[in-house]
Amino acid sequence: MESSETPVRVLVVAHKTAATQPLLDAVRERAARGPATFTLLVPNAAHGLHKVVDPEDQGASEAGAVIEQALPVLSEAAGSAVEGIVGDPDPVAAIHDCVNARGFDEIIISTLPTTVSRWLKLDLPSKASGTGLPVTTVTPSGVPVA
């Protein structure tokens, strides 16, 4: 049985919304509930022909820039250092890779609003729940969906 002092490992999945206030609020709220460590996963978005030809054959500079911008504010919200990881271009594969390789206890997905979110059109929150972990979805509207 886990001790109540063992930090819960939370995987935060985001790209364009990685440094937005609704995600910072969700991380702050989760950190306030008890000991937790946070890891930011940013799928390495493929653009143009890379989406079709070879999405994994491109640099991670865009995802790296997102991580660089988001880590300081996420760390402040979490109350401790947040680790950043660049993941597979396919967000479903990126989540499964992280969960399988590193083990997590919860997932927070931060995405754009329904009208423009590719991740919501892919039903990413539902697919992430296939890991068996609790998933919380946060959008810029500020309303978390559990």
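Exposure check, 1.4 Å probe, all protein chains in place: residue 116 carries approximately 90 Å² of accessible surface. A 1.4 Å probe, protein heavy atoms only, puts the accessible area of residue 88 near 40 Å². Considered as an equivalent ellipsoid built on the Cα gyration tensor, the stretch 74-120 has semi-axes of 20, 17, 9 Å, the largest given first.
The values are calculated or read from the model by the stated rules, or taken from the named source; none is laboratory data. Computed from a prediction, not measured in an experiment: that's the story for all the values here. Only protein heavy atoms, including side chains, enter the accessible area calculation; ligands, DNA and RNA are left aside. Shrake-Rupley method; radii C 1.70, N 1.55, O 1.52, S 1.80 Å.
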